[in-house]
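Below is one structure, written out as structure tokens; comments come after it.
The values are calculated or read from the model by the stated rules, or taken from the named source; none is laboratory data. These numbers were taken from a predicted model, which means no experiment stands behind them. Using ideal geometry, Cβ is built from the backbone for each residue, glycine included, and neighbour counts are taken over all protein chains shown. Only protein heavy atoms, including side chains, enter the accessible area calculation; ligands, DNA and RNA are left aside. Shrake-Rupley method; radii C 1.70, N 1.55, O 1.52, S 1.80 Å.
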Amino acid sequence: MDAKYTGMTPDLYRYLVEHGTPRDAILHELSEETAKLGPISMMEIAPEQGAFMTMLVRAIGARSAIEVGTFTGYSAVCIARGLAPGGKLLCCDISEEWPKVARKYFERAGLSDRIELRIAPAIETLRALPAGETVDFAFIDADKSGYRAYYEEILKRLRPNGLILFDNVLWQGQVVDPNADSDDTKAIRALNDFLARDARVQTVMLSVSDGLTLVRKRAAGE
């Protein structure tokens with residue numbers, strides 16, 4: 001297979017970010033506040049990933065969305081901003097602390113009326129959703145061992161041609177490192193292998209940030 005990609009360098013990455021629509025003051029301030037948390041701040045998504053998600057949600061006309069793993073709220077703001085008028089985002093997180101930051105920025109961004117944040121194990125929140133309730137878009141960025149279970153619960157509620165986005169699917173390159181054998185690494189590898197074979201969906205893996213897999217639910221008859 002020919003190598004049809006461009007290796008990223010710090011200068012090239014800076015160039016990439018600078019040549020997208022600049023993020024606004026709210027996202028910039030949210031990112032700065034998150035950075036003060038220390039090393040854990042690496043859980044925040046990259047700015048170009050957030051811009052991509054807003055564009056993706058808006059492009060499919062999504063009115064309903066689910067996020068599994070909200071942290072301090074950067075990704076939730078990006079998703080909610082892309083929703084059609086009257087749209088709703090359900091955020092699932094298990095932490096009591098980090099969502100305090102998220103709620104503050106939801107309000108500052110004028111999004112409190114379209115975001116519901118539930119603090120509980122995400123799998124319980126998802127399983128409790130009404131069986132007939134459909135969703136247009138979902139973003140999964142939480143404990144890696146739970147990805148597959150979250151996927152199955154969301155997929156059964158996803159409308160045909162709806163999208164699910166998974167974060168960290170390259171796992172800082174450890175997915176192809178034979179010496180990497182942590183439980184999280186194994187879970188990501190297993191998910192990646194499964195999604196590539198799942199006939200219910202169409203899948204593409206992208207080298208955005210730490211790797212994104214975009215899944216589209218096939219329509220009947222495909």
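Let me know the shape class of the stretch 89-129, please: from the alpha-carbon gyration tensor, a ≥ b ≥ c as square roots of the eigenvalues, rounded when a/c is under 1.5, otherwise prolate if a/b is greater than b/c, or oblate. Taking the square roots of the gyration eigenvalues as a ≥ b ≥ c, the stretch 89-129 is oblate. Per residue, the chain exposes 53 Å² of accessible surface when a 1.4 Å probe is rolled over the protein heavy atoms with every protein chain present. Projecting the Cα atoms of Phe71, Val201, Thr6 onto the charge dipole of the chain (Cβ charges, centred on the Cα centre) puts Val201 farthest toward the positive pole. With only the Cα atoms considered, the stretch 141-204 has a convex hull volume of 82 Å³ per residue. Kindly identify the stretch 95-174 as rounded, prolate or oblate by the Cα gyration tensor criterion: order the square roots of the eigenvalues as a ≥ b ≥ c, call it rounded if a/c is under 1.5, otherwise compare a/b with b/c, prolate if a/b is larger, else oblate. Note, shape of the stretch 95-174 comes out oblate. Show which lysines lie in cross-link reach of Lys144 when reach means a straight Cα distance below 19 angstrom and same-chain residues fewer than eight apart are skipped. Correct list for Lys144: Lys186. Restriction of the GluC sites (Glu not before Pro) in the stretch 95-167 to DSSP coil positions whose beta-carbon has at most 15 other beta-carbons within 10 angstrom yields Glu96, Glu97, Glu133.
The charge dipole of the chain, taken about its Cα centre with unit charges on the Cβ atoms of Lys, Arg (+1), Asp and Glu (-1) only, comes to about 840 debye. Measure off, as a whole percent, the carbon and sulfur share of the 1.4 Å-probe accessible area of the chain, all protein chains present. Carbon and sulfur atoms account for 55 percent of the accessible area of the chain. Extending 7 Å from Cα along the Cβ direction at Lys186 and again at Glu116 yields two label points whose distance is 3.7 nm.
On the basis of the beta-carbon distance and an R0 of 25 Å, Ala149 and Arg197 show a calculated FRET efficiency of 0.90.
With an a/c value under 1.5 for the gyration tensor axes a ≥ b ≥ c computed over the alpha-carbon atoms, the chain is described as rounded. Annotation: the antiparallel percentage among DSSP beta bridges lying fully within the chain is about 35. For a label point 7 Å from the Cα of Ala25 along Cα→C-beta, name the residues of the stretch 60-102 whose backbone N is under 20 Å from it. Once the point is set 7 Å along Cα→Cβ of Ala25, 74, 77-78, 81, 102 turn out to lie under 20 Å by backbone N, inside the stretch 60-102.
The value of relative contact order for the chain, using C-alpha pairs under 8 Å at least six residues apart, is 15 percent. Spacing of the modelled spin labels on Leu12 and Met205, each 7 Å from Cα toward Cβ, amounts to 1.9 nm.
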